[in-house]
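Here the structure comes first, spelled out in structure tokens, and everything after it is commentary.
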């Protein structure tokens with residue numbers, strides 16, 4: 001073996017491993033802390049490996065807080081939000097990409113203009129609107145604004161533009177309805193983009209914090225991030241509890257990541273645009 | 001363009017656009033106008049309708065100390081965060097841009113903090129940064145350094161939040177820069193090698209200019225994000241100690257939903273918008289001086 005290559009290999013693997021340790025150390029500390037008793041959390045010198053590892057913190061976190069409920073809520077909200085966002089945006093994107101009508105460009109520039117506005121600007125009136133239509137503290141109220149997603153619409157429009165007009169024309173000749181064309185021709189042809197968008201939207205919905213914090217007040221309605229922050233407010237010093245809760249909230253997303261890694265990486269280059 | 005049956009066409013347009021455009025109007029445009037109106041009003045949400053008070057909210061915000069302290073805190077964050085995230089994510093990208101066995105596994109590992117929610121990530125770092133029982137100070141201790149009080153210390157709370165943010169974001173920006181690096185044609189490097197350029201020269205004269213559009217993207221996004229710090233602060237410090245980590249979104253949230261000063265909070269949010277807008281515009285203007293686009 002080439003001497004230089006061996007040397008650069010050693011440098012590469014040691015650097016990559018040191019960084020990996022830095023990145024994973026906090027997670028290791030989380031797991032370790034979650035397996036300790038309340039007393040063992042605060043000992044000096046610190047114990048990297050708990051002396052009597054046990055699941056007490058996990059049991060307690062489910063007892064003092066409707067945690068199982070929060071997991072269910074989070075899954076439900078993330079799945080439905082993703083469905084709403086992707087479907088509604090794909091439908092609009094199809095029209096913007098393949099139909100000509102008066103005012104199309106103006107309407108689409110309105111979409112793009114909203115991308116510049118920070119969410120915090122519209123957050124307060126959005127809350128007031130949800131309150132006005134009596135949907136505070138409901139999942140419907142939480143998810144309704146997802147009907148509109150300028151970024152997703154933009155991304156899908158770019159992709160649907162690449163679908164050849166002739167495919168759609170041929171289907172019209174055969175007498176297919178627009179709904180059928182959308183479902184059977186357009187959507188299958190943009191599957192990779194749909195998958196990427198699904199993954200990004202799901203992650204965003206799963207991790208969302210500020211909006212659910214405002215809309216949901218009932219403990220039984222809370223999603224995981226809101227539940228965790230409430231736990232932090234009430235049991236801020238009980239580190240083993242907080243870490244048990246955090247670990248539980250990370251695992252589902254981690255599983256999605258492992259199975260759909262390719263789409264995460266694809267979504268990355270475009271996903272950052274949203275900010 | 002496609003030929004459609006007329007009647008059919010407009011019905012399709014209407015039905016397909018309905019959900020999204022309804023959302024645009026109700027949750028995009030109306031709230032914009034509403035927020036603008038609110039920012040010129042006084043309203044505590046409970047009593048009566050909002051009362052128009054002109055520019056009072058803006059004047060009060062700009063006259064008080066708080067806004068400037070918040071801006072100062074944000075600048076402190078930015079000054080630490082931006083150079084650190086650029087250096088660390090570019091280094092990570094350069095490291096990943098090698099052909100070694102198992103590199104995919106490393107890439108996967110580096111990305112785990114990115115998929116972790118900010119709430120969980122902040123909780124983890126709250127505990128990592130604990131001055132006595134946390135990992136970080138114990139590691140510092142191990143190499144003979146006395147770690148600071150981090151989140152309990154007015155000076156060190158923001159650097160603590162910066163560390164957590166770097167940990168959370170470096171995988172994201174690293175992979176973005178990595179895909180930028182992969183886009184550079186190897187012929188440039190081959191030519192430079194023939195000319196006898198060393199690795200630093202190659203980095204400075206080829207890599208850096210060719211990746212500058214991606215760097216600009218990273219800078220713009222990370223600056224916008226910096227002005228919108230929120231979960232980190234809410235979970236780790238609640239704006240403390242002594243206001244040292246109060247930031248704009250945290251103020252907006254508290255004014256609106258804890259003190260019920262809807263008008264004041266709205267005015268605050270418009271100031272946030274103006275700042276983000278101006279900073280982004282400035283970046284776009286300044287880019288001509290250093291960003292290199294391949295013709």
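Within the stretch A:13-21, does at least one residue satisfy the condition of being surrounded by fewer than 21 Cβ atoms within 10 Å (Cβ to Cβ), in a helix (DSSP H, G or I), touching a residue at least 24 places away in the same chain (Cβ under 8 Å) and out of contact with any helix residue (DSSP H, G or I) (no Cβ under 6 Å at 6 or more places or on another chain)?
no
Only one of these is surrounded by 16 or more Cβ atoms within 10 Å (Cβ to Cβ) and more than 9 Å from chain B (Cβ to nearest Cβ): A:88, A:38, A:74. Name it. If you could, list the steps in order and put the result at the bottom.
Numbers: A:88 fails: more than 9 Å from chain B (Cβ to nearest Cβ); A:38 fails: surrounded by 16 or more Cβ atoms within 10 Å (Cβ to Cβ).
None of the other options fit; the residue is A:74.
Can you pull out the residues in the stretch A:43-60 that are farther than 14 Å from residue A:31 by Cβ and touching a residue at least 40 places away in the same chain (Cβ under 8 Å)?
Those that are farther than 14 Å from residue A:31 by Cβ and touching a residue at least 40 places away in the same chain (Cβ under 8 Å): A:56, A:60.
Out of the residues in the stretch B:88-103 that are assigned to a helix (DSSP H, G or I) and at the interface with chain A (Cβ under 8 Å from one of its Cβ atoms), state the one that is farthest from residue A:267 (Cα to Cα). I'd like the intermediate steps shown before the answer.
Kept after step one, since they are assigned to a helix (DSSP H, G or I), are these residues of the stretch B:88-103: B:88-96, B:103.
From the residues that got through so far, the ones that are at the interface with chain A (Cβ under 8 Å from one of its Cβ atoms) too are B:92, B:95, B:103.
Values: B:92: 19, B:95: 21, B:103: 20 Å.
Per the criteria, the residue is B:95.
What residue, of B:76, B:106, is in a helix (DSSP H, G or I), within 10 Å of chain A (Cβ to nearest Cβ) and either in contact with a helix residue (DSSP H, G or I) (Cβ under 6 Å, 6 or more places away or on another chain) or surrounded by fewer than 17 Cβ atoms within 10 Å (Cβ to Cβ) (or both)? First the steps, then the outcome.
Values: B:76 fails: within 10 Å of chain A (Cβ to nearest Cβ).
Of B:76, B:106, the one residue that is in a helix (DSSP H, G or I), within 10 Å of chain A (Cβ to nearest Cβ) and either in contact with a helix residue (DSSP H, G or I) (Cβ under 6 Å, 6 or more places away or on another chain) or surrounded by fewer than 17 Cβ atoms within 10 Å (Cβ to Cβ) (or both) is B:106.
Which members of the stretch B:31-50 meet the condition of being more than 7 Å from chain A (Cβ to nearest Cβ), assigned to a helix (DSSP H, G or I) and either surrounded by fewer than 20 Cβ atoms within 10 Å (Cβ to Cβ) or modelled with pLDDT under 95 (or both)? Talk me through it step by step, then tell me what you get.
Initially, the stretch B:31-50 is screened for residues more than 7 Å from chain A (Cβ to nearest Cβ), giving B:33, B:36-37, B:39-50.
Now restrict to residues that are assigned to a helix (DSSP H, G or I): B:33, B:36-37, B:39.
B:33, B:36, B:37 - these are the residues of the stretch B:31-50 that are more than 7 Å from chain A (Cβ to nearest Cβ), assigned to a helix (DSSP H, G or I) and either surrounded by fewer than 20 Cβ atoms within 10 Å (Cβ to Cβ) or modelled with pLDDT under 95 (or both).
Take residue B:237 and decide whether it is crowded, with 16+ Cβ neighbours inside 10 Å, touching a helix residue (DSSP H, G or I) at 6+ places or on another chain (Cβ under 7 Å) and more than 10 Å from chain A (Cβ to nearest Cβ). Break it down stepwise before answering.
Numbers: crowded, with 16+ Cβ neighbours inside 10 Å: yes; touching a helix residue (DSSP H, G or I) at 6+ places or on another chain (Cβ under 7 Å): yes; more than 10 Å from chain A (Cβ to nearest Cβ): yes.
So residue B:237 fits the description; yes.
Looking only at residues that are within 9 Å of another protein chain (Cβ to nearest Cβ) and touching a helix residue (DSSP H, G or I) at 6+ places or on another chain (Cβ under 6 Å) in the stretch A:204-226, which one is farthest from residue A:263 (Cα to Cα)? Write out each step before concluding.
Let us first name the residues in the stretch A:204-226 that are within 9 Å of another protein chain (Cβ to nearest Cβ), namely A:206-210, A:213-214, A:224-226.
Subset that is touching a helix residue (DSSP H, G or I) at 6+ places or on another chain (Cβ under 6 Å): A:206, A:209, A:213-214, A:224-226.
Values: A:206: 16, A:209: 23, A:213: 29, A:214: 31, A:224: 24, A:225: 24, A:226: 27 Å.
The residue in question is A:214.
When the stretch A:132-146 is examined, which residues are found to be in a helix (DSSP H, G or I) and either surrounded by 20 or more Cβ atoms within 10 Å (Cβ to Cβ) or modelled with pLDDT of 95 or more (or both)? Before you say what the answer is, go through the steps one by one.
Filtering the stretch A:132-146 for residues in a helix (DSSP H, G or I) gives A:132, A:139-146.
A:139, A:140, A:141, A:142, A:143, A:144, A:145, A:146, listed by residue number.
Residues being more than 8 Å from chain A (Cβ to nearest Cβ), part of a helix (DSSP H, G or I) and within 25 Å of residue B:49 (Cβ to Cβ): count how many of those fall in the stretch B:240-260.
Here the count works out to 3.
Looking at this structure, is residue A:245 farther than 28 Å from residue A:118 by Cβ and at pLDDT 90 or above? Outline the logic, then answer.
Values: farther than 28 Å from residue A:118 by Cβ: yes; at pLDDT 90 or above: yes.
For residue A:245, the condition - farther than 28 Å from residue A:118 by Cβ and at pLDDT 90 or above - is met.
Can you report the number of residues in the stretch B:261-295 which are more than 30 Å from residue B:188 (Cβ to Cβ) and either assigned to a helix (DSSP H, G or I) or assigned by TED's automatic domain parsing to the domain that holds residue B:40 (or both)? Before the answer, list the steps.
Restricting attention to the stretch B:261-295, the residues satisfying the condition of being more than 30 Å from residue B:188 (Cβ to Cβ) are B:261-282.
Add one more test, that the residue is either assigned to a helix (DSSP H, G or I) or assigned by TED's automatic domain parsing to the domain that holds residue B:40 (or both), and what stays is B:262-282.
Selection size over the stretch B:261-295: 21.
Here is a check on your reading of the model: is residue A:236 in a loop (DSSP other than H, G, I, E, B) and within 11 Å of another protein chain (Cβ to nearest Cβ)?
Working: in a loop (DSSP other than H, G, I, E, B): yes; within 11 Å of another protein chain (Cβ to nearest Cβ): yes.
In short, yes.
Report whether or not residue B:151 is assigned by TED's automatic domain parsing to the domain that holds residue B:99, within 18 Å of residue B:98 (Cβ to Cβ), under 27 Å from the mean Cα position of the chain (by Cα) and not in a loop (DSSP other than H, G, I, E, B).
Numbers: assigned by TED's automatic domain parsing to the domain that holds residue B:99: yes; within 18 Å of residue B:98 (Cβ to Cβ): no; under 27 Å from the mean Cα position of the chain (by Cα): yes; not in a loop (DSSP other than H, G, I, E, B): yes.
Spelling it out, it is not the case that residue B:151 is assigned by TED's automatic domain parsing to the domain that holds residue B:99, within 18 Å of residue B:98 (Cβ to Cβ), under 27 Å from the mean Cα position of the chain (by Cα) and not in a loop (DSSP other than H, G, I, E, B).
Residue check: is residue B:85 more than 7 Å from every other protein chain (Cβ to nearest Cβ), surrounded by 15 or more Cβ atoms within 10 Å (Cβ to Cβ) and over 23 Å from the mean Cα position of the chain (by Cα)? Explain how you work it out, then say what you get.
Numbers: more than 7 Å from every other protein chain (Cβ to nearest Cβ): yes; surrounded by 15 or more Cβ atoms within 10 Å (Cβ to Cβ): yes; over 23 Å from the mean Cα position of the chain (by Cα): no.
The answer is no for residue B:85.
Within the stretch A:212-255, track down each residue that is closer than 30 Å to residue B:179 by Cα and surrounded by fewer than 18 Cβ atoms within 10 Å (Cβ to Cβ).
Across the stretch A:212-255, the qualifying residues are A:251, A:252, A:254, A:255.
The values are calculated or read from the model by the stated rules, or taken from the named source; none is laboratory data. Given the structure is predicted, the values throughout are model-derived calculations rather than measurements. Positions of Cβ are backbone-derived with ideal geometry, glycine not excepted, and every protein chain shown enters the neighbour counts.
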